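The values are calculated or read from the model by the stated rules, or taken from the named source; none is laboratory data. Just so we're clear, the structure is a prediction, and the values are computed from it rather than from any experiment. Please note: Cβ atoms are built from the backbone with ideal geometry, for glycine as well, and neighbour counts cover all protein chains shown.
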Amino acid sequence: MNKCLYTEIDGFSIAYHRQGSGTPVILIHGITTYSFIWQKIIPGLSRHYDVIAIDLLGCGDSDKPPGTDYSLPAQARIIRKFIDNLALNQVHVICHDVGGGIGQILSVKYPEVIKDLVLINTVGYDYWPVQPIITMRIPVIRQLAMAALDFGMLKMLVRRGFHHKERLNDELMDQFSYPLSNKEGRQAFLQFAKSLNNRNLTEIEKSIGKISFPVLIVRGDADPYLSADISERLHREIRESQLIRIPTGGHFLQEDEPDMLVEMIHTFIGKTKK
């Protein structure tokens, strides 16, 4: 990916990568990842769009302040200000995992900045958080995790999220483990996990169906972490949505089927691009 760039929001340094030109596309990652998860998606999309992959607060190369609100609404507010900082006006928003929850909040609270929305293996409603993230809320578990979170445990959890497990090589695993390589990163991860609350999405349930711009929901059917019920219900309730299911996609669909994902996104955005 291109060199890491930074912008300041609410006194915090927010990292991002930017590549291409055209209408802006913002990529929002989930928990356990950061902007690197889009590395196989960015080249294809950047041939047509101005692609911006952000590191959420507490993730990747963004600041990791202790005791700060890392909740989904807080992250959504940061992204709204991020759009203003970069003078992007309206954007295509593409989200993964809890990033999809952030995208849903953006859609409900700040619809004026969104052209369309892509949700990839997203959280939703009250069908999450899921294990092992939910255990991080328990103080004893958090302390044990701080002391014992190691490469072997992380690799097991990441590998489970792949359908094509042979694609998880050492280089990719190093990228997954990068933010957890020091105490600051581990503390930020645990703080992010602790901040997750499905009430943030149940509170906007009645508003989800009122989204008026196009929404693409992509479900990797081999995802072991998030229920298919989430994608199916979102599709039922969002009038301007379409649902595509990929049998050979695990939770980390960007690595399992990147070319397929780029083609789907480009086709979808191409219909709404102005």
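Odds and ends about this structure:
- Options Thr33, Thr23, Thr68; residue that is of a type in the set (Val, Ile, Thr) and surrounded by 24 or more Cβ atoms within 10 Å (Cβ to Cβ): Thr33
- Test: residue in segment 7-14 that is farther than 19 Å from Lys194 by Cβ, at pLDDT 95 or above and buried (at least 18 other Cβ atoms within 10 Å of the Cβ): yes
- A single entry from Gln254, Gln242 fulfils the requirement of being closer than 26 Å to Ile42 by Cβ, surrounded by fewer than 17 Cβ atoms within 10 Å (Cβ to Cβ) and touching a Leu at 6+ places or on another chain (Cβ under 7 Å): Gln242.
- Options Asp50, Asp55: the member that is among the charged types (D, E, K, R) and either modelled with pLDDT under 95 or under 17 Å from the mean Cα position of the chain (by Cα) (or both): Asp55
- Counted as qualifying within segment 1-95 are the strands (runs of 3 or more DSSP E) with 1 or more residues that are under 25 Å from His251 (Cβ atoms) and not acidic (Asp, Glu), namely 12-19, 24-28, 50-54.
- Of the residues making up segment 239-257, just one is more than 12 Å from Leu119 (Cα to Cα), outside any loop (DSSP other than H, G, I, E, B) and of a type in the set (A, V, I, L, M, F, W, C), namely Ile246.
- In segment 161-170, the residues that are surrounded by 14 or more Cβ atoms within 10 Å (Cβ to Cβ) and not in a loop (DSSP other than H, G, I, E, B): Arg167
- Screening Ile269, Ile265, Ile244 for residues that are out of contact with any His (no Cβ under 9 Å at 6 or more places or on another chain) and touching a residue at least 24 places away in the same chain (Cβ under 8 Å) leaves exactly one candidate, Ile244.
- Failed item, numbered, when Met173 is tested on (1) buried (at least 16 other Cβ atoms within 10 Å of the Cβ); (2) in a helix (DSSP H, G or I); (3) free of Cβ contacts under 8 Å to residues at least 60 places away in the same chain: (1)
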